[in-house]
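Report on the structure given below.
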Amino acid sequence: MFAVLKTGGKQYKVQSGDVLRVERIAADAGETVQFNEVLMVGATVGTPNVEDAAVQAEVIDQIKGEKVIHFVKRRRKHGSQRTKGHRQKLTLVRITDILEKGASKSGVKAAQGTGSVPASVVAAMADVTPKAKNAPAKKAEAKPAAKAEAKKPAAKKAAPKKAAAATGADDLKKLSGVGPALEKKLLDAGITTFAQIAAWTDADVAEFDEKLSFKGRIEREGWIEQAKEFAKG
């Protein structure tokens, strides 16, 4: 009679007396183990396993498979290469019996791979995980907030309002050569009427010519004579 068993992610077709190399099993040499994942026994096909069927085997030795070389090379300007060797851990077993029924009552230890997590480790993880979940969250640091505030653009200063024209001021642009720019200079200097310009003396002309950088424009354009005419109305 033959059977198809599954262990270590692989399937094996076995008969009584066969010697197999399977993925490492947690057992010592001389022990008897039982494979409970049986997919097929004779003509009986499992769904996926055959109910209450098993394959028993005797552990002969714990061995290692052939050495496999893994070589990686990266062809770049600053490339690298790496060589790693690996020998798979295996267990050598001899099939002793194929059970169509009665696997649950045999009393033989089930074959377990060394990759399974021990119960002690699972318990330790259960003790640690809740603590990690309940750990208080770290308070947000104030520094990033301060930086964010620093990045905010400062509020723009309100633009100074333009000086309003003096109440009752004359239209000084009527003077020859006086435009908005020169009129503004005169208003800022306190000259708002034609009467003020008409009353200028030579000293006043020299003062305003120097102060407002008119460069002789007052006499050249005849502002005083024009101002007298405009002042009369």
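The values are calculated or read from the model by the stated rules, or taken from the named source; none is laboratory data. Nothing here was measured: the structure is a model prediction, and the numbers come from that model. Reconstructed Cβ throughout: ideal geometry from the backbone, glycine too, with neighbour counts over all protein chains shown.
Out of segment 86-103, which residues are in a strand (DSSP E or B) and either of a type in the set (A, V, I, L, M) or under 57 Å from the mean Cα position of the chain (by Cα) (or both)? It would help to see each step written out before you state the result.
Taking segment 86-103 first, the residues in a strand (DSSP E or B) are 86, 89-99.
Once the filter is applied, which keeps residues that are in a strand (DSSP E or B) and either of a type in the set (A, V, I, L, M) or under 57 Å from the mean Cα position of the chain (by Cα) (or both), segment 86-103 yields 86, 89, 90, 91, 92, 93, 94, 95, 98, 99.
Look at residue 114 and say whether it is closer than 20 Å to residue 20 by Cβ and modelled with pLDDT under 95.
Numbers: closer than 20 Å to residue 20 by Cβ: yes; modelled with pLDDT under 95: yes.
Considered against the rule, which asks whether it is closer than 20 Å to residue 20 by Cβ and modelled with pLDDT under 95, residue 114 comes out as yes.
When you scan segment 8-20, do you find a residue that is among the basic types (Lys, Arg), within 24 Å of residue 109 (Cβ to Cβ) and surrounded by 15 or more Cβ atoms within 10 Å (Cβ to Cβ), even just one?
no
Quick one: count up the residues across segment 7-48 that are assigned to a loop (DSSP other than H, G, I, E, B), of a type in the set (D, E, K, R) and under 50 Å from the mean Cα position of the chain (by Cα).
Of all residues in segment 7-48, those assigned to a loop (DSSP other than H, G, I, E, B) come to 8-9, 16-18, 24, 26-31, 36-37, 42-43, 46-48.
Okay, now just the ones that are also of a type in the set (D, E, K, R), so 18, 24, 28, 31, 37.
Now drop any that are not under 50 Å from the mean Cα position of the chain (by Cα), which leaves 24, 28, 37.
Number of matching residues: 3.
In the set 63, 69, which member is of a type in the set (A, V, I, L, M) and under 45 Å from the mean Cα position of the chain (by Cα)? If you could, list the steps in order and put the result at the bottom.
Details: 63 fails: under 45 Å from the mean Cα position of the chain (by Cα).
The unique qualifying residue is 69.
Regarding segment 205-213, can at least one residue be identified that is at pLDDT 85 or above and either touching a His at 6+ places or on another chain (Cβ under 6 Å) or assigned to a loop (DSSP other than H, G, I, E, B) (or both)?
Within segment 205-213, none of the residues are at pLDDT 85 or above and either touching a His at 6+ places or on another chain (Cβ under 6 Å) or assigned to a loop (DSSP other than H, G, I, E, B) (or both).
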